[in-house]
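Heads up, the thing below is written out as structure tokens.
The values are calculated or read from the model by the stated rules, or taken from the named source; none is laboratory data. Predicted model only: the values in this text are computed from it and were never measured. Cβ placement follows ideal geometry from the backbone for every residue including glycine, while neighbour counts extend to all protein chains displayed. Heads up: the accessible areas ignore ligands, DNA and RNA and are worked out on the full protein's heavy atoms, side chains in. Shrake-Rupley method; radii C 1.70, N 1.55, O 1.52, S 1.80 Å.
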Amino acid sequence: MSLAHSSADREAAAAVDPSDLISFDSLLSTEELALRDRVRTFVREEIKPNIAKWYEEARFPIEIVPKLAKLGLLGMHLKGYGCAGGTAVEYGLAAAELEAGDSGIRTLVSVQGSLAMSAIAKHGSDEQKQEWLPRMAAGEAIGCFGLTEPTAGSDPSAMTTFASRDGADWVLNGAKRWIGLANVAQVAVIWAQTDEGVRGFVVPTGTPGFTATPIEPKLSMRASVQCEISLENVRLPDDAVLPNASGLKGPFSCLNEARYGIAWGTMGAARDAFEDALAYSKERLQFGRPLAGYQLTQQKLVNMALEINKGFLLALHLGRLKDAGKLQPHQISVGKLNNCREAIEICREARTILGGNGITLAYSPLRHANNLESVRTYEGTDEVHTLILGQKLTGVGAFR
Ligand code: TGC
């Protein structure tokens, strides 16, 4: 049965990009659109045909790393050292396309570029940058970022990993948890308490005493890998410390980068779930008519489209502020909190349109929703970002 009853209906439906009701694309430059389309093509050709299998097998597809490097997506917002030197908006557009494939794929690029490479680029010595950044940009070395601990998640100031001095060396002891890519990484940026406050350390993962063990089984981020790290008398030379980071603002400045990317990425997942549900609603007959012809279905689809359009506008606004050097941390919390929250609702609502088929891996919404449980938890939970904004609004901190 045709849904568009007249040729005018059909032409109107054909003219609309369902994910862009407001001409969002007109806000992007030719270069930005070209970059977005390159990443979209990569995701369509390399990720979408395989993601259900990777997810089912809980397999991190490490073979895509060189392809991501070739696209210039590893540390793409960094300048020099073989990095692409892209803008914040370009990075955001890429994050959205990658997460339309799967949050685990966007997480790979985030952990490598926004966390591990950013930490070295922002806080490292020239030697540390020369040693690691070109290889990381080329995908020849993978990095991870060890901040969270088994008993210090939302409150990193409670970390117990300690780096003590032994002659000219540093010796690290402790544990980290939920560390993306740690078991495949060649280098880990490890944050630890010291006698002089929190410092960061560049730790080659082959150093004796460093062990990374994947956390499994997981119900979320199954095409990605998160690990427990054990640090037992990990001995490092004096120059392993990041010279330009002292205190928690060191790691927090890297979290800003990753949280910014999440504001974009989550909308990519939401868009993909919405498009799956929209396509299904036009095909699937119920009570003799396509689902799309029912008012309740249309309301669901419209509500999803509104939030996707608003979420992308918010992400773009934050990106333009970032490129102008004006983005403030609490504004990143607006994007991270809002877009995670809306994306997970959109994916769950999309699943309802798919009915029972929505619980299979043949469709994306529930996979995205499951992934977004992790995304709303890492890089600052919904609760942490709510309290960051609550503090900004009221002037009163309510964390402790
Ligand atoms: P507070 O006293 O507020 O701040 C300590 C110092 O840090 C500065 N600061 C920031 N600097 C830059 N950007 C930000 N967003 C910053 N937020 C704070 C602050 O100015 C201060 O500097 P200074 O010079 O005065 O020392 O610290 P607090 O402990 O009271 O903070 C509270 C809270 C809750 C906001 C903070 O602890 C927080 O953001 N918690 C969430 C932690 C989090 O996001 N963890 C995620 C870890 S990474 C991860 O999950 C891995 S996921 C990817 C993967 O590996 O797969």
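Net charge around HIS77, counting only other residues with Cβ within less than 12 Å of its Cβ (Lys, Arg = +1; Asp, Glu = -1)?
Numbers: positive: LYS79, LYS122, LYS322; negative: GLU90, GLU257, ASP323.
Cβ neighbours under 12 Å give a net charge of 0.
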- Item | the chain: angle of helix 382-394 to the longest principal axis, Cα-based, in degrees nearest 10 | 80 degrees
- Message: Apply the Karplus curve 6.51 cos²θ - 1.76 cosθ + 1.60, θ = phi - 60°, to the phi angles in the range 74-83 and return the couplings in whole Hz, x for Gly and Pro.
- Response: 9, x, 5, 8, 8, 10, x, 6, x, 7
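If Lys and Arg each add +1 and Asp and Glu each add -1, what is the summed charge of the other residues whose beta carbon sits under 14 Å from the beta carbon of ALA168?
Values: positive: ARG165, ARG235; negative: ASP166, ASP169, ASP238, ASP239.
My count for the surroundings of ALA168 gives -2.
May I ask you to derive the relative contact order of the chain, considering only C-alpha pairs under 8 Å and at least 6 residues apart, and to give it as an integer percent? Please report the intermediate quantities before stating the final value.
On the way: 722 pairs, mean separation 70.6, N = 400.
For the chain, the relative contact order is 18 percent.
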- Which entries of LYS129/LYS392; LYS53/LYS218; LYS300/LYS336; LYS310/LYS392; LYS249/LYS326; LYS322/LYS392 show an alpha-carbon separation above 26 angstrom in the structure shown? LYS129/LYS392
- Message: How much of the DSSP bridge set in the chain is antiparallel, in percent, rounded to the nearest 5?
- Response: 85 percent
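Within the chain, what whole-number % of the accessible surface is contributed by carbon and sulfur, with the 1.4 Å probe and all protein chains included in the calculation? Intermediate results must be reported in sequence, preceding the final value.
Details: 9240 of 17250 Å².
In the chain, the share of accessible area belonging to carbon and sulfur is 54 percent.
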- Given unit charges at Cβ for Lys, Arg (+) and Asp, Glu (-), the dipole magnitude of the range 11-137 about its Cα centre in debye, nearest 20, is 440 debye
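Size of the dipole of the chain about the Cα centre, Lys and Arg at +1 and Asp and Glu at -1 on the beta carbon, nothing else charged, in debye to 20? All intermediate terms of the calculation are to be shown ahead of the outcome.
On the way: 41 positive and 46 negative charges, 127 e Å.
I would put it at about 600 debye.
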- Message: Over the chain, with the other protein chains present, what is the accessible area per residue in square angstrom, probe 1.4 angstrom?
- Response: 43 Å²
- Query: Under a 1.4 angstrom probe, counting protein chains only, how are LEU108, LEU387 ranked by accessible area, largest first?
  - Reply: LEU387, LEU108
- Keeping all protein chains in position, work out how much accessible area ARG320 exposes to a 1.4 Å probe, and write it in Å² to the nearest 10. 90 Å²
- Message: If each DSSP helix of 4+ residues adds -39,500 (n - 2.57) and the sum is divided by the residues in the chain, what number results at 222 nm, nearest 500 deg cm²/dmol?
- Response: -15500 deg cm²/dmol
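Packing-wise, with mean Cβ within 10 Å as the measure, how do 145-151, 254-260 rank, highest first?
On the way: 145-151: 21.9, 254-260: 24.4.
Per-residue mean Cβ counts within 10 Å order the peptides as 254-260, 145-151.
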- Message: If you fit an axis through the alpha-carbon atoms of helix 30-42 and take the longest principal axis of the Cα set of the chain, what angle between them do you get, 0 to 90°, nearest 10?
- Response: 90 degrees
- Reported to the nearest 10 Å², ILE262 has, with a 1.4 Å probe, an accessible area equal to 0 Å²
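By the gyration tensor of its Cα atoms, with a ≥ b ≥ c the square roots of the eigenvalues, what is the shape of the range 249-394: rounded for a/c under 1.5, prolate for a/b over b/c, or oblate? Don't skip to the end; give the middle numbers.
Working: a/c = 2.74, a/b = 2.28, b/c = 1.20.
Prolate, since a/c reaches 1.5 and a/b exceeds b/c.
Residues with beta-carbon under 15 Å from that of ARG235, excluding ARG235: net charge, scoring Lys, Arg +1 and Asp, Glu -1? Present the calculation step by step, with values, prior to reporting the outcome.
Numbers: positive: ARG165; negative: ASP166, ASP169, GLU232, ASP238, ASP239.
Here the charged neighbours net out to -4.
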- Query: What's the angle, to the nearest 10 degrees (0 to 90), between helix 249-283's Cα axis and the longest principal axis of the chain?
  - Reply: 20 degrees
